[in-house]
Each structure stands twice: as structure tokens, then as C-alpha cells.
1. On the principal axes of its Cα set, how long, how wide and how thick is segment A:7-47? Give whole Å, largest value first.
2. Between segment A:112-132 and segment B:40-60, how far is it from one alpha carbon centroid to the other, in angstrom?
3. Using a label point 7 angstrom from Cα along Cα-to-C-beta, what distances in nm, from shortest up, separate A:GLY21 from the other copies?
4. Per the helix-only calculation at 222 nm, which mean residue ellipticity applies to the protein assembly as shown, given -39500 (n - 2.57) for every DSSP H run of n ≥ 4 and division by its residues, nearest 500 deg cm²/dmol?
5. Put a point 7 Å out from Cα along the line to Cβ at A:TRP82; what are the distances to that point in the other copies, in nm, shortest first?
6. Could you work out the equivalent-ellipsoid semi-axes for the protein assembly as shown, taking the square root of 5 times each eigenvalue of the Cα gyration tensor, largest first, in whole Å?
7. With viscosity set to 0.692 mPa s and temperature to 37 °C, compute the Stokes-Einstein D of chain B, Rh being the Kirkwood radius across alpha carbon pairs; µm²/s, no decimals.
8. Say we join alpha carbon atoms closer than 10 Å with springs in a Gaussian network model of chain B; which of B:ALA48, B:ALA20, B:ALA60 then has the biggest fluctuation?
Protein chains: 2
Amino acid sequence: MDIRIDDTDRKIMAALQRDAGRSLDEIAREVGSSKTPVWNRIRKLRDAGVIGPQTVVLDAEALGFEACFFVLIRTSEHESKWQKKFLHALQTRPEVQEAHRLAGDIDYILKVRVKNARAYDAFYQALISEVRVYNVTALLSMEEIKSTTALPL
Amino acid sequence: MDIRIDDTDRKIMAALQRDAGRSLDEIAREVGSSKTPVWNRIRKLRDAGVIGPQTVVLDAEALGFEACFFVLIRTSEHESKWQKKFLHALQTRPEVQEAHRLAGDIDYILKVRVKNARAYDAFYQALISEVRVYNVTALLSMEEIKSTTALPL
DNA sequence: AATGAAACTGATAAGGA
DNA sequence: TCCTTATCAGTTTCATT
């Protein structure tokens, strides 16, 4: 299950991150190779799960998602039963775009994208009624300065 | 520049978010329409900028990006000259995957993806030597519970 | 919205460095 | 082993109906 990733693989992935909606020929030209080897490498990386699904970036604001919150959560509960329920709630709710378990003082951070402040409140009320949390701080984004999923390969 | 987005448009975008690497025929089947109208709608949405670039999701861990920090920043400086410099620093540094200006107590939040803790420290030192900040708190992610860019259309 | 035609692309096979 | 070339079914793109 070990996979060797060389420089050409990295170049291909960088090219795909930049714009995955291009032909193999164009990608191949960009990385200085040709169709077949590029295709084989992409397949290899996909099979290994290094390259995941292909998506499009949508304009959240244009689609009415005008509010974005970062939510800092502290909890006193750390039993596996509680955690399971909490994780399930996060996975299920589509407004949760990111969720991380943290080291230290704060236990979890969420990124929550909603249409407006009222929708955030609805989310918040639903969450705290589902699982007990000790302390919640919501940080409201005023401006998205940067947003990318690209890794600096 | 106003664009009307109807239910079919939303279905198409939802389908593309799920998996953009499919043929028009498949997308059309999924949304219950056919090739030509779907193609015309996608083109319209792309031209309007609602549908943005196409990318691939890469496995950060597999590529050696094993550390992810959320960085909370407070600053005392609010002049436009400082801000310009700060924003430029964020835009330029590839380890910054997200940056938001916040309302309230904390001024900015960053999501920083790096290979390891040492790389984070290098980033941090470089940042504070470039621009003055009053207070920085780094939250270290132990586990990425959820990560998606999909909007719940 | 369906048809259809031309250009382009993805996917694979065969053979070479 | 990895690359190049050749091939062709499938796909995109777009004009016409």
C-alpha cells in the first residue's frame, strides 16, 4: 500500500490543483511530459487515494451563503459515547464545512457556512440541544481574505 | 450582472460539487434533464462566475502535510498601510489556506497547513517579523473530523 | 429541447528507449 | 520500467431545427 511519489507526480498534482478542468494534453504539456504517462500517474495516484474527488469551487456569496462563522467549542464530556454523538452531528449537518479536534484548552473548532445570522442561530440551537457542550464562542467572518485548498507542492 | 439561478441550476451545481469529473450526460441524467440545456446552464453559470475553477482534493497527510493550525490574531494596528502589508503577506504565503477578517475581539483567523510543527514556527517567525501583531494564539489540530467545500444547495 | 456534425479528449494497446 | 506513438470510442461544443 506504500506509494512512491516523485517530482513529476507532484507537478501533475500541482497542475490539477491549479485547474483540473483541462485536457490530459494540456496537463502533460505543463509538466513537460505526454498524455499516456500522465494518465498512468493520475490513475496510480487516484487508486492510492492521494488524488481524491474532483469538484468545482462555487461562489458562496452569489448563492446566498453570506455568513461564515468559526466556532470554538469547549466541552467537559470526553466519554466515547458523547464523542460519537457529537461527531455524528457534525458529519450530518451540511452547514459544517470543517471540523477539527484540537490540542489544548479549546476542544473543537468548526467552520460553519450559512445564509445569515438567523440560520447560524438555528444551527447553534440544534447542536446544543443534541449534545452537551460546556462553552461555545462564535467568531463571525467579516471578510474572506483568502480561501484555497491548494497544497504548496 | 445580476443572474437568476433556478432550481435546475442548483441541482446541476450540487451534482458538480459531488463529482465534477463526469460527462455531461451523467450530470444531465442526475438532474433529470438532457445534455444541451445542462451545457448551456453550466456555461451561463461559469460566465457569471458562480461556478469557479475546477480542482481536485488531495490527501494532505499522504503528501506530508501533517500539521494544521488555526491561528487567532489580535492586532493594535488598524491603519490601511499596515493592513495592506498584512493582507499581502497572507496572500503570498502558500501555507495559509484560509484567512478571514473577523468581527469583535479577535481580528483575524488563519488556517495554516504545514509539514510539521517546525515549519509552522518558521511561518510564524516570518510573519511576525514582517508585520506587527499584538497577540497570536495557535490552535493545533489533532484530527480533521470533516473537511468539505460543498455548499448545501 | 432535441438533433447532429466536427473537433477534441480519454483510455488503452503495441512497440521502443 | 517508463516513455512515445497510434488508435478509436466517447465527449464536448455549437449551429441548426
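The values are calculated or read from the model by the stated rules, or taken from the named source; none is laboratory data. The shown structure was predicted, so the numbers you read here are calculated from the model rather than taken from an experiment. As a convention, Cβ positions derive from the backbone with ideal geometry for all residues, glycine included, and neighbour counts pool all protein chains shown. Only protein heavy atoms, including side chains, enter the accessible area calculation; ligands, DNA and RNA are left aside. Shrake-Rupley method; radii C 1.70, N 1.55, O 1.52, S 1.80 Å.
1. 20, 18, 18
2. Each part reduced to its Cα centre gives a spacing of 28 Å.
3. When each copy's label point is compared with this one, the spacings are 1.7 nm.
4. It lands at -12000 deg cm²/dmol.
5. 4.0
6. Equivalent ellipsoid of the protein assembly as shown: 32, 25, 21 Å, largest first.
7. Translational D for this selection: 177 µm²/s.
8. Of the options given, B:ALA48 has the highest mean-square fluctuation.
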